[in-house]
Amino acid sequence: MKRPDLSGRFFYFYGMTHFSFLDKLSHQIVSDFGTSLSEITIILPNKRARVFLLEALKGQLNQTVFAPSIISIEDFIQDVAGIRAIDPVELLFEFYNVYLSVTPVEKQQEFDLFANWGKTLLQDFNEIDRYLLKPSHVFSYLKDIEVLKRWDLQPSETTVLIDNHLEFWSRLPEYYETLYAHLKNKGFGYQGLIYREAVDNLQHFSEALAGKRLIFAGFNALNQAEEKIIQQLLFNEQAKIYWDIDAVFLKDGHHDAGLFIRRFQKEWKQYTTQPFEWIVNEFGKEKNIQIIGTPKTIGQAKIAGKIVEQIQNNGQSLDTTALVLGEENLLIPALYALPNTVQSLNITMGYSSKNNPAQILVSKLFKLHANAIQRSEKSYTFYYKEVLDILTHPLVEPYNNAAAVIRIINQNNITFLSQKKFLELNQDASELFQLLFERWENDAVSVLNRLSRIILSIKSFLGNDSEEDKVAKAFLYSIFKTINKLINYQEKYNRIDSVAMLHTIYKQIVDLAEVSFEGEPLSGLQVMGVLESRVLDFENVIITSMNEGVFPAGKSMNSFIPYDVKRELGLPTYKEKDAIYCYHFYHLLLRAKNIYLLYNTESEGLDAGEKSRFITQLEIEKQPNHTITHQIYNAYLPDKAYEPIVVPKSERVMERLQEIATGKGFSPSGLTSYIRNPIQFYNQRVLRISEVEEVEENIALNTLGTIIHGVLEELYKPFVGQFLSVEKIAEMLSKANGEVEKQFREVYKEGEIRKGKNLLAFEVAKRNVFNFLNEEKKRIENGDEVKVLALEISLDRTLEDARLPYPVKIAGNVDRIEQRNGKIRIIDYKTGKVELKSVQLKDWTGLTLDIKNDKIIQLLCYAFMYEQQTNGMEMEAGIISFKNMKAGFLPFGIKEDKNVDVVITPEVLDAFKTEVIALINEMLNPEVSFEEKLD
């Protein structure tokens, strides 16, 4: 699929049947001021609308003039106050300095603890100032509430925790006043401080304006400071304000879209003598509204892509279309869902750092090195999973010799390894590899500088042509800026004294590192967030994530000020927040003709939620000219959830089967693998696809079995060809512990066996070996004569029969062959539990059709291969189950009535060969495909 163009650009459109708000505004401005536009300043809700307004003004002029000054409301307030805005991270450090200056030493907290509540408190300071509340009154109110919560406690009954809690509330006025004075003295401040100072400095600013005129346009919700400033400038006849509100919302006293503007129209004194501009009648015009529900986020992205394609197919320009994402994490799925025919795609929204690949890499590096420091500063040990997380990261893997290092880790089963040893694994390590894994000193600046160099190193590998590289650079740059800010602030304030604290602070501030996409703003499909849509109008609007808790956002309020107190003091609550979302939503719909509202129908899961109340409101308050349709899209469910894999036997497959049959041979496990699942046999034996080699953190059952087999082989090996005695078994028992540990080291390599589940597995292996040897000793004491003939021996025998297309070799490894009491006994060790009934046969018919007979097939294959070496002695074959050791040797037997014959005679083998030949003929039959067994 063609990847979409990810340059972030705005658009503007003309030739519509109705004017946009900015068209109307530009027409009014040119009518009022003509070519003297440089004498005015236009204030808009955000910076993004500036380029559209300039384009609209160009459309109203037929000559070259100086453009007006167009700024955002926040920039305007800074101009009024004469104070610049402080970066949120720097503000936190400044507040910490203030906190230390007014808090007794014994009460002071480390910076990382302070930052947890400091950010919330700063938000409350901001709100108090923006709404021009008297701080001492607010803090006194809050303290009294906390005291009242404990009204029944006598002084003797309070605890240190309660006393400290109340002391915190009593210190709030001092924190606020000291911080306010400190910041004001330095000439910068947070938003609320700037707003309060702007109100105080308004008279001076007004006088300095002289003849310059101000125009406020496109506003909805205003805080108290903004209201006071705008009203005063209107009263002084130095400003005009143009609203954008529909009569439907304004007249309906219960409609949240008009909540704020209704109040302004009613309470602002100038509207008793001056006209209220502008009330429009756009919402009631003809609109096609499609409400579409579909499961999950990805479903919405796919449908949005289909709608864009449909708009194009209808001959409409995408310049008049906006895709508004209710959730920013929908951006990437939405981009991939867009059709290839979208030539120009313009993103005007920030992308959260949570899903930023560069941020994820930095977080993984913090985890790796912080844990290494915590384990032991001397050894500096890495955990293999944390190493693999970094080596396989998409920003790292292509630029390092990662595959070779990963292979070494997996092959040697390394779970923990020292940093020094790890670097030795990659002798030709690149500079980036060294930067990633060299030891971190427990110093914030050196760590941040290293992270900065890592990002620059990765950037050096990226080109300038492909869109993938451009996006990767955008991701890297956003984190690079945040890291460099931290470097500057640490050098200035020196408050971070460990890697652990740095990690905590980084996690707290990295949310500020949004990715911004830049580009040409005036053409193409517009992809944006909700706030980016302010003041702009579109003919086609697609809005995603129309679910409660997303659109609107819900009741979460990160504040120390309770809801009822906010209502009492006139501070905004979630009610006002919902009203702001409501205005944005209805403004998107205001001049649109075709509206598509997408929501998630899932009621359970992480991204679930009920349909937004805004959709219900649209339905209940349906306008006569609105056409509203509902659709539910569900994923296509096939009649069958899964079709079994069927692989026909091609000529090349038949050649490979003959190569196996006449060369290496079919092993007993190969035959049972075919019975279990022919596709498994095809993958493993025909295609020779082996399992992916991975680090075995916890010892698997097959690994445990390999270890026990190895231990018994080594213990019995010196006595092959000899009759066993009690003394020889005692000698084996004395060596068992050491041999178990040796086999663990050889098989499990550098895996950890001294703790956790692996220690338990180690002990289980020892117990199994000791139980086996003790059982052997008991049998010998009871008179058994045992001579071990072979251990872990490879056997093979060619099966020649007229029923076969050609001779077929049967080959495999037998765990142990012995002579016991004058009989040949073939033994297969099983670490799992096996019952006697699993190796007893009632009827030959269907032997090779049921996987439950796999152990019988294995044993009889071993007997068939060894038959010619028995020298006329009777032969039996069976299993020793380590989880059923008390049952002893479990021999294969044919059960007739109550009698069981355990001797494997030529007649038994002839009957077995008949069944095996039928199985092999099926395997070698070109007309019988390999078909997957789903059970």
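The values are calculated or read from the model by the stated rules, or taken from the named source; none is laboratory data. Computed from a predicted model, the values in this text were never measured in an experiment. Positions of Cβ are generated from backbone atoms using ideal geometry, with glycine treated the same way; all protein chains shown enter the neighbour counts.
What about Gln224, is it surrounded by 16 or more Cβ atoms within 10 Å (Cβ to Cβ) and within 23 Å of Gln265 (Cβ to Cβ)?
Working: surrounded by 16 or more Cβ atoms within 10 Å (Cβ to Cβ): yes; within 23 Å of Gln265 (Cβ to Cβ): yes.
For Gln224, the condition - surrounded by 16 or more Cβ atoms within 10 Å (Cβ to Cβ) and within 23 Å of Gln265 (Cβ to Cβ) - is met.
Yes or no, residue by residue, for (1) of a type in the set (S, T, N, Q); (2) more than 25 Å from Leu598 (Cβ to Cβ):
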position	(1), (2)
Gly529	no, no
Ser533	yes, no
Pro552	no, no
Val565	no, yes
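Just to be sure I understand, how many residues within segment 819-836 are surrounded by 17 or more Cβ atoms within 10 Å (Cβ to Cβ) and in a loop (DSSP other than H, G, I, E, B)?
Number satisfying all stated conditions: 2.
Among the residues of segment 375-407 satisfying the criterion of being closer than 17 Å to Ser430 by Cα and over 24 Å from the mean Cα position of the chain (by Cα), which is surrounded by the most Cβ atoms within 10 Å (Cβ to Cβ)?
Val405
Select from segment 655-672 the residues that are touching a helix residue (DSSP H, G or I) at 6+ places or on another chain (Cβ under 9 Å) and either under 21 Å from Thr848 (Cα atoms) or assigned to a strand (DSSP E or B) (or both) and list them in ascending order.
Hits for segment 655-672 are Leu657, Gln658, Ile660, Ala661, Phe666, Ser667, Pro668, Ser669, Gly670, Leu671, Thr672.
May I ask you to list the residues in segment 747-785 that are among the hydrophobic types (A, V, I, L, M, F, W, C) and either at pLDDT below 90 or outside any helix (DSSP H, G or I) (or both)? Spell out how you get there, then give the answer.
Residues of segment 747-785 that are among the hydrophobic types (A, V, I, L, M, F, W, C), as a first pass: 747, 753, 759-762, 764-765, 769-770, 772-773, 780.
Within segment 747-785, Val747, Ile753, Leu759, Leu760, Ala761, Phe762, Val764, Ala765 meet the criteria.
From the list Ala579, Ala608, Ala635, Ala641, which one is assigned to a loop (DSSP other than H, G, I, E, B), surrounded by 11 or more Cβ atoms within 10 Å (Cβ to Cβ) and at pLDDT below 95? Working first, answer last.
Numbers: Ala579 fails: assigned to a loop (DSSP other than H, G, I, E, B); Ala635 fails: surrounded by 11 or more Cβ atoms within 10 Å (Cβ to Cβ); Ala641 fails: surrounded by 11 or more Cβ atoms within 10 Å (Cβ to Cβ).
Every option except Ala608 fails the conditions.
Answer yes if at least one residue in segment 327-340 is surrounded by fewer than 19 Cβ atoms within 10 Å (Cβ to Cβ), more than 19 Å from the chain's Cα centre (by Cα) and over 30 Å from Glu386 (Cα atoms), and no otherwise.
For segment 327-340, residues surrounded by fewer than 19 Cβ atoms within 10 Å (Cβ to Cβ), more than 19 Å from the chain's Cα centre (by Cα) and over 30 Å from Glu386 (Cα atoms): present.
Filter segment 416-449 down to the residues that are over 20 Å from Tyr383 (Cβ atoms) and part of a helix (DSSP H, G or I) and list them by number.
Once the filter is applied, which keeps residues that are over 20 Å from Tyr383 (Cβ atoms) and part of a helix (DSSP H, G or I), segment 416-449 yields Glu431, Leu432, Ala444, Val445, Ser446, Leu448, Asn449.
Exactly one condition in (1) touching a helix residue (DSSP H, G or I) at 6+ places or on another chain (Cβ under 7 Å); (2) in a helix (DSSP H, G or I); (3) at pLDDT 90 or above is not met by Ile707; state its number.
(3)
What helices (runs of 4 or more DSSP H) lie completely within segment 64-149 and have 2 or more residues being under 14 Å from Leu193 (Cβ atoms) and at pLDDT below 90?
On the way: elements: 73-81, 88-102, 111-130, 135-148.
The helices (runs of 4 or more DSSP H) meeting that bar are 88-102.
When only residues in segment 187-215 that are outside any loop (DSSP other than H, G, I, E, B) and among the small types (Gly, Ala, Ser) count, which is nearest to Asp129 (Cα to Cα)?
Within segment 187-215, the first condition is being outside any loop (DSSP other than H, G, I, E, B), and the residues that meet it are 188-189, 191-200, 202-209, 213-215.
Going one step further and asking which of them are among the small types (Gly, Ala, Ser), we end up with 189, 192, 198, 206, 208.
Numbers: Gly189: 11, Gly192: 5, Ala198: 11, Ser206: 21, Ala208: 24 Å.
It comes out as Gly192.
Can you name the strands (runs of 3 or more DSSP E) wholly within segment 876-926 that have at least 1 residues being in the same structural domain as Tyr674 (by TED's automatic domain parsing) and at pLDDT below 90? Give the derivation first.
Numbers: elements: 889-891, 893-896, 899-901.
Because the criterion is at least 1 residues that are in the same structural domain as Tyr674 (by TED's automatic domain parsing) and at pLDDT below 90, the strands (runs of 3 or more DSSP E) in segment 876-926 that meet it are 893-896, 899-901.
Can you give me the number of residues within segment 309-334 that are modelled with pLDDT under 85 and closer than 29 Å to Leu451 by Cβ? If you could, list the steps in order and put the result at the bottom.
First, the residues of segment 309-334 that are modelled with pLDDT under 85: 317, 328-329, 332.
Narrowing further to those that are closer than 29 Å to Leu451 by Cβ: 328-329, 332.
Total satisfying the criteria: 3.
Quick check on segment 622-673: of everything there that is within 30 Å of Ile595 (Cα to Cα) and among the aliphatic types (A, V, I, L, M), which residue is nearest to the chain's Cα centre (by Cα)?
Filtering segment 622-673 for residues that are within 30 Å of Ile595 (Cα to Cα) and among the aliphatic types (A, V, I, L, M), the one nearest to the chain's Cα centre (by Cα) comes out as Ala635.
From the residues in segment 470-500 that are assigned to a helix (DSSP H, G or I) and small (Gly, Ala, Ser), which one is nearest to Glu94 (Cα to Cα)? Full working, then the answer.
Of segment 470-500, the ones assigned to a helix (DSSP H, G or I) are 470-493, 499-500.
Cutting the leftovers down to small (Gly, Ala, Ser) gives us 472, 474, 478, 500.
Working: Ala472: 33, Ala474: 29, Ser478: 23, Ala500: 21 Å.
It comes out as Ala500.
For segment 333-358, what are the residues that are touching a Phe, Trp or Tyr at 6+ places or on another chain (Cβ under 8 Å) and within 23 Å of Leu462 (Cα to Cα)?
Asn346, Ile347, Tyr351, Asn356, Pro357, Ala358
Of the residues in segment 233-255, how many are surrounded by fewer than 19 Cβ atoms within 10 Å (Cβ to Cβ) and within 15 Å of Lys269 (Cβ to Cβ)?
Looking only at that region, the number is 3.
Can you name every residue in segment 378-405 that is assigned to a helix (DSSP H, G or I) and closer than 18 Å to Leu417 by Cα?
Here is the first cut: in segment 378-405, the ones assigned to a helix (DSSP H, G or I) are 384-391, 397-399, 402-405.
Of everything in segment 378-405, those that are assigned to a helix (DSSP H, G or I) and closer than 18 Å to Leu417 by Cα turn out to be Tyr384, Lys385, Glu386, Val387, Leu388, Asp389, Ile390, Leu391, Ala402, Ala403, Ala404, Val405.
Could you say whether any residue in segment 431-446 is at pLDDT below 90, outside the structural domain of Glu746 (by TED's automatic domain parsing), out of contact with any strand residue (DSSP E or B) (no Cβ under 7 Å at 6 or more places or on another chain) and among the polar types (S, T, N, Q)?
Checked against the condition, which is being at pLDDT below 90, outside the structural domain of Glu746 (by TED's automatic domain parsing), out of contact with any strand residue (DSSP E or B) (no Cβ under 7 Å at 6 or more places or on another chain) and among the polar types (S, T, N, Q), segment 431-446 yields at least one hit.
Please verify whether segment 271-282 includes one or more residues that are in a helix (DSSP H, G or I) and modelled with pLDDT under 95. Working first, answer last.
The first filter runs over segment 271-282 and keeps only residues in a helix (DSSP H, G or I), leaving 271-272.
Checking which are modelled with pLDDT under 95 leaves us with 271-272.
Checked against the condition, which is being in a helix (DSSP H, G or I) and modelled with pLDDT under 95, segment 271-282 yields at least one hit.
For residues in segment 344-361 being surrounded by fewer than 21 Cβ atoms within 10 Å (Cβ to Cβ) and out of contact with any strand residue (DSSP E or B) (no Cβ under 9 Å at 6 or more places or on another chain), which is farthest from Leu318 (Cα to Cα)?
For segment 344-361, the residue satisfying everything is Ile360.
Can you name every residue in segment 543-576 that is at positive phi and surrounded by fewer than 17 Cβ atoms within 10 Å (Cβ to Cβ)?
Within segment 543-576, the subset at positive phi is 545, 549, 554, 570.
Listed by number, the residues that qualify are Gly549, Gly554, Gly570.
Among the residues of segment 218-251, what is the count of those that are of a type outside the set (Lys, Arg), part of a helix (DSSP H, G or I) and free of Cβ contacts under 8 Å to residues at least 60 places away in the same chain? Walk me through how you get there before you give the answer.
Looking only at segment 218-251, we keep the residues that are of a type outside the set (Lys, Arg), and these are 218-227, 229-239, 241-250.
Checking the rest, the ones that are also part of a helix (DSSP H, G or I) come to 224-227, 229-235, 247-250.
Pick out the ones that are also free of Cβ contacts under 8 Å to residues at least 60 places away in the same chain and you get 227, 230-235, 247, 250.
Qualifying residue count, segment 218-251: 9.
Which of the residues belonging to segment 464-499 are over 20 Å from Ala444 (Cα atoms) and among the small types (Gly, Ala, Ser)?
Ser466, Ala472, Ala474 - these are the residues of segment 464-499 that are over 20 Å from Ala444 (Cα atoms) and among the small types (Gly, Ala, Ser).
Of all residues being touching a residue at least 24 places away in the same chain (Cβ under 8 Å) and out of contact with any Asp or Glu (no Cβ under 9 Å at 6 or more places or on another chain) in segment 839-848, which is nearest to Phe889 (Cα to Cα)? Just the residue, please. Outline the logic, then answer.
Taking segment 839-848 as the starting set, the residues that turn out to be touching a residue at least 24 places away in the same chain (Cβ under 8 Å) are 839-842, 844, 847-848.
Pick out the ones that are also out of contact with any Asp or Glu (no Cβ under 9 Å at 6 or more places or on another chain) and you get 839-841.
Values: Val839: 11, Gln840: 13, Leu841: 16 Å.
Residue satisfying both the conditions and the ranking: Val839.
Here is a check on your reading of the model: is Tyr175 modelled with pLDDT of 80 or more, in a helix (DSSP H, G or I) and touching a strand residue (DSSP E or B) at 6+ places or on another chain (Cβ under 9 Å)? Write out each step before concluding.
On the way: modelled with pLDDT of 80 or more: yes; in a helix (DSSP H, G or I): yes; touching a strand residue (DSSP E or B) at 6+ places or on another chain (Cβ under 9 Å): no.
Here the answer is no, as Tyr175 does not meet what is asked.
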